Amino acid sequence: MGKSIVIISNYYPPEMGAAANRIKNLAEGLTEKGNDVTIICPLPNYPIGKIFEKYKNKFTVNESIEGIKVKRFWIYPSKSEKAIVRLFSMLSFAWSFWFSIFSFIRKKPDLFIIQSPPLLVALSGLLFSKLLGCKNVLNVSDIWPLSALELGVIKKGFFYSFLEKIEKVNYKLADKIIGQSEEIITHIKAVVDKDFLVYRNVPNIKKYSVKEKSEGNLKIVYAGLLGYAQGILNICNEINFKEIGSELHIYGAGMEEEKIIEFAANPNNNVFFYGVRTAKEIKEEIRKYDIGFVPLKNKIYGAVPSKIFELMQLGVPILYVGSGEAEEILGSYKSGLYSEPGDLKSLIKNISIFKEMNNTDYRVCSNNNKSAHLNEFNLEKQMDKLQDFIN
């Protein structure tokens, strides 16, 4: 028998990016399992840092999207690089969604699934579920504030120590915890003893044909957030794609967007910018290219980018810059090539290997990704595990 489930998340479509897409996949997967799902999220604003036109001048909006009830609440939107401004933005939503409490007092949900990070939104959601007397599951996709420290976004000091305390309180308030990687679960186990589940951010099963490698320049595609963590602008500046017979095609938005647009305006750079596409459109766009690019600017413990699983679904060989668990997955399934963050020499070498790869070997790599998606990294398999876990 299905449950009444409320998901609290700082991101949800029509916002773009991995965070919004993974919550959408989670909500749709739980709905297909017979659960009654409600989303609590902010008015759409990410990644542009402004409330989307349709939702302007409103405090709350209730919608039904593909059978899922969505309750949106006011947020102070921002894409500022200043930590204090981002903190206020998170606090604004952490406060505003408490106005939904009246709708749950009469008919309490069976379960809350609460997304973390942001830590303060997660803390507010956990307290919200406790006040209502409902069970909760904390869904940890990144280890904050450790990830922020590794990215160089914050430094050790009072603010970092404060966030660490919030992180530990969140783990203690959670009834059960799901994490997006084995490394995340290992990290949390050092703090609390709970029921844990590794739940991957993976797409629905969809069969695509094996890809063929195109002729001429190697066509590399990046689709996602253009922020500090990805380091796309730095890669544009450091690698001469024309010189190595390659092209970099970029879709997305974020803090580095304007400088990337300026860089791509020079045709000699072999860098092309297309802006934002919908989740459905971007899959068809990615299939046009030879290689899917998944970069991380720094080593981030616990990070397994969901783009890896999306590229597996599409049968697109992967060029990864990162380390840890994601690297192990790519190696195990022979899904692509990888190099360490900051090692431009190895990255250029991997691009050259893909450039010189014959179509037979390319097809094998494409088929490896399709098989990994169909046999392991798909929403149906993950959802079976999750449904058992929450029951």
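Computed from the coordinates by the stated procedures, all read-outs in this text should not be read as laboratory data. Computed from a predicted structure; not experimentally measured. Positions of Cβ are backbone-derived with ideal geometry, glycine not excepted, and every protein chain shown enters the neighbour counts.
Determine, at each q value in 0.10, 0.15 (inverse angstroms), the log₁₀ of I(q)/I(0) that the Debye formula gives when each Cα of segment 218-375 is one equal point scatterer. The calculated log intensity ratios at q = 0.10, 0.15 Å⁻¹ are -0.32, -0.75. Spatial offset of segment 354-384 relative to segment 222-236 amounts to 24 Å, using the alpha carbon center of each.
The orientation-averaged projection of the convex hull spanning the C-alpha atoms of the chain amounts to 18.5 square nanometres. Within 13 Å, Cβ to Cβ, of Gly275, how many net charges do the neighbouring residues add up to if Lys/Arg are +1 and Asp/Glu are -1? It works out to a net charge of -3.
Simple point charges give the picture: +1 on the Cβ of Lys and Arg, -1 on the Cβ of Asp and Glu, and for segment 4-199 a dipole about the Cα centre of about 680 debye.
Could you please rank Trp144, Trp98, placing first whichever residue has the fewest other Cβ atoms within 10 Å of its Cβ?
Ranked by crowding around the Cβ, least crowded first: Trp98, Trp144.
For segment 7-43, no residue has its backbone nitrogen under 14 Å from a point 7 Å from the Cα of Ile101, taken along Cα to Cβ.
DSSP assigns beta bridges within segment 4-199; of those with both partners inside it, close to 20 percent run antiparallel.
Taking amide H positions as modeled 1.01 Å from N, with prolines and chain starts lacking one, the residues under 5 Å from Ile113 and 5 or more places away or on another chain are Val6, Ile7, Ile8, Val137. Within segment 32-95, the ratio Rg/Rh, alpha carbon atoms throughout and Rh by Kirkwood, equals 1.05.
Here, P(r) means the percent of Cα pairs in each 10 Å bin from 0 to the largest distance; for segment 15-64 it is 22, 47, 27, 4.
Using a cut-off of 12 Å between beta-carbons, work out the net charge of the residues near Val137 (Lys and Arg +1, Asp and Glu -1, Val137 not included). Around Val137, the charge tally is +1. Which percent of the Cα-Cα distances in segment 314-362 go past 14 Å? I get 51 percent for the Cα pairs in segment 314-362 exceeding 14 Å. For the chain, adding -39500 (n - 2.57) for each run of n ≥ 4 DSSP H residues and dividing by the number of residues yields -12500 deg cm²/dmol at 222 nm. Considering every alpha-carbon pair of segment 284-391, the percent of pairs per 10 Å bin, from zero through the bin containing the longest distance, is 15, 44, 31, 8, 2, 0. Once a ≥ b ≥ c are taken as the square roots of the eigenvalues of the Cα gyration tensor of segment 193-298, is the result rounded (a/c under 1.5), prolate (a/b larger than b/c) or oblate (a/b not larger than b/c)? Oblate, because a/c is 1.5 or more while a/b does not exceed b/c.
Put a dot 7 Å past the Cα of Ser371, heading toward its Cβ, do the same for Lys165, and the two dots end up 5.3 nm apart.
In this calculation the C-beta distance from Ala265 to Asn57 is compared with R0 = 41 Å, giving a FRET efficiency of 0.70.
Across all Cα pairs in segment 4-199, the calculated P(r) in 10 Å bins from zero up to the longest distance comes to 9, 37, 39, 15, 1 percent per bin.
List the residue ranges in the chain for DSSP H helices whose C-alpha atoms run 15 angstrom or more along the long axis and whose Kyte-Doolittle average is -1.0 or above.
Counting only whole DSSP H runs, the qualifying helices are 18-32, 83-96, 119-132, 158-173, 344-356, 379-390.
Quick one: which residues, 5 or more positions from Phe273 or on another chain, have an amide H under 5 Å from its amide H? H modelled 1.01 Å from N in the peptide plane, none for Pro or chain starts. It is Ile250, by chain and number. Among Lys24, Lys176, Lys58, the largest mean-square fluctuation in a Gaussian network model of the chain, built with springs joining Cα atoms closer than 10 Å, belongs to Lys58.
Couplings for segment 231-241, taken from phi via the Karplus curve 6.51 cos²θ - 1.76 cosθ + 1.60 with θ = phi - 60°, read x, 4, 4, 4, 5, 4, 6, 8, 10, 8, 5 Hz in order; Gly and Pro are left as x. One Cα centroid belongs to segment 274-305, the other to segment 20-74; the line between them spans 22 Å. Note on the chain: antiparallel DSSP beta bridges, both residues inside, total approximately 10 percent of the bridges counted. Can you tally the net charge around Lys58? Count Lys and Arg as +1, Asp and Glu as -1, for every other residue whose Cβ sits under 14 Å from the Cβ of Lys58. Counting the neighbours of Lys58, the net charge comes to +3.
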